[in-house]
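K.L.:
Questions regarding the structure given below will be posed in turn.
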Amino acid sequence: MSEDVAKLGSRRHAPILPRGEAREGALFMVMAIICALACLSALGARAAYRAADNWTTALSGSMTVQLKTSEDSFEKASALQNAEDTLRKMPGIIKAKGIDKVRAGELLEPWFGKGPLPEDLPLPSLIELQVDPAKAPSPQRLEKALRNAGLEPQVDDHKKWAGSVSNAASALRLGALGVLALLAAAAAATVSFAARAGLEARRDIVEALHLVGAQDRYISRLFEHRFLGLGVRAGVTGAFLAIAGTLGVLFWLQKSGATHLLVGEIPLQPADFGILALTPLMAGLIGMGTARLSVMAALKKLD
Amino acid sequence: MDRAADISTGDEPIVRLNNVGVRYGRGLEALNDVKLSLDPGSFHFLTGPSGAGKSTLLRLIYLAQKPTRGLVTVFGIDAARASRRTLAALRQRIGVVFQDFHLLSHLSVFDNVALPLRIGDAPLKAYREDVEELLTWVGLKEKMDANPETLSGGERQRAAIARAVVGKPEIILADEPTGNVDHEMAARLMRLFVQLNKLGSTVVIATHDLDLVREIGAPVMRLERGRLTVGAAAAANMERQ
């Protein structure tokens with residue numbers, strides 16, 4: 001029978017474990033905050049992973065060719081034109097465009113500010129390539145073709161960058177999983193402490209139950225149900241706090257103009273709502289399981 | 001018969017203690033070489049001065065404590081070897097009235113009395129009438145929804161007795177069950193114990209009330225400084241007190 005209510009006519013049982021004690025409110029707050037942090041950690045890991053995925057996909061669809069040329073502007077322009085023509089004829093190349101001074105100015109804007117670049121600033125002769133990732137020619141093949149055209153090229157397929165981004169994403173994901181594990185352990189430790197404190201504080205109840213012949217599992221179930229409910233409520237609250245936190249970060253990023261890089265990955269996706277929906281269940285199960293282990297262990301020491 | 005407290009009538013005893021000693025810490029033994037057999041359906045008084053070990057003996061019988069030495073069997077099961085699960089199951093067959101009542105202050109009188117039935121997962125409707133009838137019998141009909149803290153000492157005692165007997169236990173142990181009630185209520189409660197004994201429960205009542213012992217006329221066990229005597233010797237010791 002449920003601990004709480006067995007109703008018949010006007011008579012119903014009061015819960016054997018009394019509700020509404022002050023420490024339950026504090027414990028609820030701690031659990032809700034832990035759940036919110038766990039949600040944010042999981043959502044952050046997913047956002048980082050999605051960002052890394054998008055970045056590596058973008059990098060795998062592009063290459064950069066650098067030409068060794070003299071500083072003479074006519075020769076530079078001629079070499080760039082020659083390279084563009086050569087590359088455009090190759091299969092797998094979608095677009096080949098030399099980086100002129102205007103485009104270079106855009107790329108160097110974070111360092112030099114808006115406006116024209118200094119005249120005496122030496123700029124490399126670069127060509128941005130957009131390639132079909134499925135049919136992209138190898139860097140060696142591109143270099144060979146350009147050398148045959150009388151040029152001295154160096155081709156960068158960004159694999160090194162993509163690898164670094166992928167490694168960084170893996171590290172982020174591992175870090176987030178580690179944080180999740182730590183938060184789960186913190187939640188379990190908190191519940192364990194609270195369950196033992198509850199058992200000690202309500203020793204009169206435990207003794208009375210014990211003396212009328214209640215099995216340890218019966219006594220344990222009272223605490224399990226209590227902490228299951230508390231975990232689920234804290235999980236729901238934590239999930240809502242995490243949604244509010246995510247929307248708050250998004251709003252702040254958009255307001256501050258930081259609309260590049262991660263911001264595109266932050267909006268919640270269906271799988272993220274799955275994580276949020278799982279949080280109360282996980283919090284409830286952690287609460288229930290920990291309460292069971294703690295109470296059963298404590299009961300064995302009571303005699 | 002003196003210290004050999006075998007008051008068995010030949011049936012398999014429901015409770016048996018053999019050379020039982022209980023020592024707390026490094027002090028003297030609270031119980032010393034206690035030997036005792038209780039037959040099913042028997043009725044006994046346990047007397048003795050305060051601190052003689054009566055509560056310890058009752059704790060051994062209701063399996064809340066294990067002896068330091070010796071053998072305790074209840075319902076034929078060795079208490080020292082029984083699992084926690086078995087001990088709990090055995091305790092469900094024993095009703096105990098504690099000196100300090102052990103009533104839960106956040107539950108109503110009804111819920112306190114119904115507790116032994118509630119832990120058996122029986123639905124409320126299966127025992128509601130029994131509990132109400134018992135509470136009426138012990139004079140607490142009007143107080144069944146009250147908080148135990150609002151009751152007088154005598155009322156709490158009656159609630160504790162009702163809780164001990166509500167499950168029709170095979171053994172009923174009562175530690176000073178009439179200590180806080182007037183003579184009329186004491187006689188009424190004793191009639192309840194006698195009635196339950198007639199229905200088959202084994203009853204042991206620890207008491208200082210010698211008038212009550214004489215009135216009922218059941219066999220007496222007497223504890224003095226941890227040693228148990230029974231029968232005529234116990235009665236003689238009791239009268240000398």
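K.L.:
With the requirement that a residue be at pLDDT 90 or above and away from chain B (no Cβ under 14 Å), what does the range A:292-303 give you?
P.N.:
So the first thing to find is which residues in the range A:292-303 are at pLDDT 90 or above, and the list is A:292-293, A:296.
Passing the criteria: A:ARG292, A:LEU293.
K.L.:
What number of residues within the range A:159-202 are polar (S, T, N, Q) and closer than 16 Å to A:ALA52 by Cα? It would help to see each step written out before you state the result.
P.N.:
The first filter runs over the range A:159-202 and keeps only residues polar (S, T, N, Q), leaving A:164, A:166-167, A:170, A:190, A:192.
Within this subset, residues satisfying the condition of being closer than 16 Å to A:ALA52 by Cα are A:164, A:166-167, A:170.
Qualifying residue count for the region: 4.
K.L.:
Let me spell it out: the conditions are (1) of a type outside the set (Ser, Thr, Tyr); (2) closer than 30 Å to B:ARG23 by Cβ; (3) at pLDDT below 90; (4) touching a Leu at 6+ places or on another chain (Cβ under 8 Å), and B:VAL138 meets all of them except one. Which number is the exception?
P.N.:
It fails just one condition, (2).
K.L.:
Tally time: how many residues in the range B:151-185 are surrounded by 15 or more Cβ atoms within 10 Å (Cβ to Cβ), farther than 23 Å from B:ARG59 by Cβ and among the hydroxyl-bearing types (Ser, Thr, Tyr)?
P.N.:
Number satisfying all stated conditions: 0.
K.L.:
Kindly establish whether B:LEU173 is in contact with a Leu (Cβ under 7 Å, 6 or more places away or on another chain) and at pLDDT 90 or above. Reasoning before the result, please.
P.N.:
Numbers: in contact with a Leu (Cβ under 7 Å, 6 or more places away or on another chain): yes; at pLDDT 90 or above: yes.
Taking the combined requirement at face value, the residue satisfies it.
K.L.:
Let me ask something else about it. If you go through the range A:50-80 one residue at a time, how many are in contact with a helix residue (DSSP H, G or I) (Cβ under 9 Å, 6 or more places away or on another chain), outside any helix (DSSP H, G or I), surrounded by 12 or more Cβ atoms within 10 Å (Cβ to Cβ) and of a type in the set (Ser, Thr, Tyr)?
P.N.:
So the answer is 1.
K.L.:
Related question: Scanning for something more than 30 Å from B:ALA88 (Cβ to Cβ), of a type in the set (Phe, Trp, Tyr) and modelled with pLDDT under 85, does the range A:182-204 turn up at least one residue?
P.N.:
There is no residue in the range A:182-204 that is more than 30 Å from B:ALA88 (Cβ to Cβ), of a type in the set (Phe, Trp, Tyr) and modelled with pLDDT under 85.
K.L.:
Say whether the condition of being within 8 Å of chain A (Cβ to nearest Cβ), buried (at least 17 other Cβ atoms within 10 Å of the Cβ) and closer than 27 Å to B:VAL194 by Cβ is met by at least one residue in the range B:40-47.
P.N.:
If we filter the range B:40-47 for residues that are within 8 Å of chain A (Cβ to nearest Cβ), which is where we start, we get none.
Within the range B:40-47, none of the residues are within 8 Å of chain A (Cβ to nearest Cβ), buried (at least 17 other Cβ atoms within 10 Å of the Cβ) and closer than 27 Å to B:VAL194 by Cβ.
K.L.:
Related question: May I ask you to say which residue of A:ALA32, A:ALA47, A:ALA38 is more than 30 Å from A:PHE223 (Cβ to Cβ), touching a helix residue (DSSP H, G or I) at 6+ places or on another chain (Cβ under 6 Å) and either not assigned by TED's automatic domain parsing to the domain that holds A:LEU126 or not aliphatic (A, V, I, L, M) (or both)? Before the answer, list the steps.
P.N.:
On the way: A:ALA32 fails: more than 30 Å from A:PHE223 (Cβ to Cβ); A:ALA38 fails: more than 30 Å from A:PHE223 (Cβ to Cβ).
Selected residue: A:ALA47, the only one of A:ALA32, A:ALA47, A:ALA38 that is more than 30 Å from A:PHE223 (Cβ to Cβ), touching a helix residue (DSSP H, G or I) at 6+ places or on another chain (Cβ under 6 Å) and either not assigned by TED's automatic domain parsing to the domain that holds A:LEU126 or not aliphatic (A, V, I, L, M) (or both).
K.L.:
Shifting gears a bit: List the strands (runs of 3 or more DSSP E) that sit entirely inside the range B:4-94 and contain at least 3 residues that are at pLDDT 90 or above and of a type in the set (A, V, I, L, M). Give the derivation first.
P.N.:
Working: elements: B:15-23, B:29-38, B:43-47, B:69-74.
Because the criterion is at least 3 residues that are at pLDDT 90 or above and of a type in the set (A, V, I, L, M), the strands (runs of 3 or more DSSP E) in the range B:4-94 that meet it are B:15-23, B:29-38, B:69-74.
K.L.:
Among the listed residues B:ALA164, B:ALA174, B:ALA146, identify the single one that is among the small types (Gly, Ala, Ser), in a helix (DSSP H, G or I) and touching a residue at least 24 places away in the same chain (Cβ under 8 Å). Spell out the reasoning first.
P.N.:
Details: B:ALA174 fails: in a helix (DSSP H, G or I); B:ALA146 fails: in a helix (DSSP H, G or I).
Of the residues listed, the single one that is among the small types (Gly, Ala, Ser), in a helix (DSSP H, G or I) and touching a residue at least 24 places away in the same chain (Cβ under 8 Å) is B:ALA164.
K.L.:
What number of residues in the range B:186-217 are out of contact with any helix residue (DSSP H, G or I) (no Cβ under 6 Å at 6 or more places or on another chain), at pLDDT 85 or above, closer than 22 Å to B:ARG59 by Cβ and not in a helix (DSSP H, G or I)?
P.N.:
Summing the residues that are out of contact with any helix residue (DSSP H, G or I) (no Cβ under 6 Å at 6 or more places or on another chain), at pLDDT 85 or above, closer than 22 Å to B:ARG59 by Cβ and not in a helix (DSSP H, G or I) in the range B:186-217 gives 5.
K.L.:
Now for a separate question. Which of (1) at pLDDT 90 or above; (2) under 22 Å from A:CYS35 (Cβ atoms); (3) of a type in the set (A, V, I, L, M) does A:ILE219 not meet, given it meets every other one?
P.N.:
Tallying (1) at pLDDT 90 or above; (2) under 22 Å from A:CYS35 (Cβ atoms); (3) of a type in the set (A, V, I, L, M), A:ILE219 fails exactly one: (2).
K.L.:
Do you know which residues across the range B:95-109 are among the hydrophobic types (A, V, I, L, M, F, W, C), facing chain A (nearest Cβ under 7 Å) and either out of contact with any Leu (no Cβ under 6 Å at 6 or more places or on another chain) or assigned to a loop (DSSP other than H, G, I, E, B) (or both)?
P.N.:
First, the residues of the range B:95-109 that are among the hydrophobic types (A, V, I, L, M, F, W, C): B:96-98, B:101, B:103-104, B:107, B:109.
So of that shortlist, the ones also facing chain A (nearest Cβ under 7 Å) come out as B:96, B:104, B:107.
Selection gives B:LEU104, B:LEU107.
K.L.:
Also, quick follow-up: If the requirement is being assigned to a helix (DSSP H, G or I) and at the interface with another protein chain (Cβ under 7 Å from one of its Cβ atoms), which of these qualifies: A:LEU230, A:LEU209, A:LEU222?
P.N.:
Numbers: A:LEU230 fails: at the interface with another protein chain (Cβ under 7 Å from one of its Cβ atoms); A:LEU222 fails: at the interface with another protein chain (Cβ under 7 Å from one of its Cβ atoms).
Criteria check complete, one pass: A:LEU209.
K.L.:
For the range B:208-222, which positions are of a type in the set (Val, Ile, Thr) and either within 20 Å of B:LYS35 (Cα to Cα) or surrounded by 22 or more Cβ atoms within 10 Å (Cβ to Cβ) (or both)?
P.N.:
First, the residues of the range B:208-222 that are of a type in the set (Val, Ile, Thr): B:213, B:216, B:220.
If the condition is that a residue be of a type in the set (Val, Ile, Thr) and either within 20 Å of B:LYS35 (Cα to Cα) or surrounded by 22 or more Cβ atoms within 10 Å (Cβ to Cβ) (or both), then B:VAL220 is the only one that fits.
K.L.:
Mind counting the residues in the range B:70-91 that are within 9 Å of another protein chain (Cβ to nearest Cβ) and either more than 20 Å from the chain's Cα centre (by Cα) or crowded, with 18+ Cβ neighbours inside 10 Å (or both)?
P.N.:
Residues of the range B:70-91 within 9 Å of another protein chain (Cβ to nearest Cβ): B:84-85, B:87-91.
Adding the requirement that they be either more than 20 Å from the chain's Cα centre (by Cα) or crowded, with 18+ Cβ neighbours inside 10 Å (or both) leaves B:84-85, B:87-88, B:90-91.
Matching residues across the range B:70-91 total 6.
K.L.:
For the condition over 20 Å from B:ARG191 (Cβ atoms), more than 9 Å from chain A (Cβ to nearest Cβ) and crowded, with 20+ Cβ neighbours inside 10 Å, what is the one hit in B:PRO116, B:PRO148? If you could, list the steps in order and put the result at the bottom.
P.N.:
Details: B:PRO116 fails: more than 9 Å from chain A (Cβ to nearest Cβ).
Step by step, each of B:PRO116, B:PRO148 is checked, and only B:PRO148 is over 20 Å from B:ARG191 (Cβ atoms), more than 9 Å from chain A (Cβ to nearest Cβ) and crowded, with 20+ Cβ neighbours inside 10 Å.
K.L.:
Against the definition (more than 10 Å from chain A (Cβ to nearest Cβ) and either under 29 Å from B:GLY179 (Cα atoms) or within 19 Å of the chain's Cα centre (by Cα) (or both)), how does B:ALA64 come out, yes or no?
P.N.:
Numbers: more than 10 Å from chain A (Cβ to nearest Cβ): no; either under 29 Å from B:GLY179 (Cα atoms) or within 19 Å of the chain's Cα centre (by Cα) (or both): yes.
Considered against the rule, which asks whether it is more than 10 Å from chain A (Cβ to nearest Cβ) and either under 29 Å from B:GLY179 (Cα atoms) or within 19 Å of the chain's Cα centre (by Cα) (or both), B:ALA64 comes out as no.
K.L.:
Against the condition at pLDDT below 95, in contact with an Asp or Glu (Cβ under 9 Å, 6 or more places away or on another chain), of a type in the set (Gly, Ala, Ser) and over 23 Å from B:PHE193 (Cβ atoms), how does B:SER105 come out, does it pass? Outline the logic, then answer.
P.N.:
Working: at pLDDT below 95: yes; in contact with an Asp or Glu (Cβ under 9 Å, 6 or more places away or on another chain): yes; of a type in the set (Gly, Ala, Ser): yes; over 23 Å from B:PHE193 (Cβ atoms): yes.
Yes; evaluated as a whole, the condition is true for this residue.
K.L.:
Cβ-Cβ distance below 8 Å, separation of 6 or more or different chains: which pairs start in the range A:148-170 with a residue that is not assigned by TED's automatic domain parsing to the domain that holds A:ALA48 and end on one that is modelled with pLDDT under 80 and in a strand (DSSP E or B)?
P.N.:
none
K.L.:
Among what's in the range A:95-127 and is of a type outside the set (S, T, N, Q) and closer than 16 Å to A:VAL155 by Cβ, pick the residue that is surrounded by the most Cβ atoms within 10 Å (Cβ to Cβ). Full working, then the answer.
P.N.:
So the first thing to find is which residues in the range A:95-127 are of a type outside the set (S, T, N, Q), and the list is A:95-124, A:126-127.
Filter once more, so that each one left must be closer than 16 Å to A:VAL155 by Cβ: A:95-99, A:124, A:126-127.
On the way: A:LYS95: 13, A:ALA96: 22, A:LYS97: 15, A:GLY98: 19, A:ILE99: 20, A:PRO124: 13, A:LEU126: 19, A:ILE127: 24.
Result: A:ILE127.
K.L.:
Taking the condition of being part of a loop (DSSP other than H, G, I, E, B) and over 21 Å from the mean Cα position of the chain (by Cα), how many residues in the range B:119-138 meet it? Explain how you work it out, then say what you get.
P.N.:
As a first pass, look at the range B:119-138 and keep what is part of a loop (DSSP other than H, G, I, E, B): B:119-123, B:138.
Still in the running and over 21 Å from the mean Cα position of the chain (by Cα): B:121-123.
Total meeting the criteria: 3.
K.L.:
A further question on this structure: I need the full set of residues from the range A:49-70 which are within 17 Å of the chain's Cα centre (by Cα) and of a type in the set (Lys, Arg), in order please. So that I can check it myself, show each step before the final result.
P.N.:
We begin by selecting, within the range A:49-70, every residue within 17 Å of the chain's Cα centre (by Cα); these are A:49-56.
The answer is A:ARG50, and nothing else.
The values are calculated or read from the model by the stated rules, or taken from the named source; none is laboratory data. The model shown is predicted, which means the values in this text are computed figures rather than measured ones. Virtual Cβ from ideal backbone geometry, glycine too; neighbours counted across all protein chains shown.
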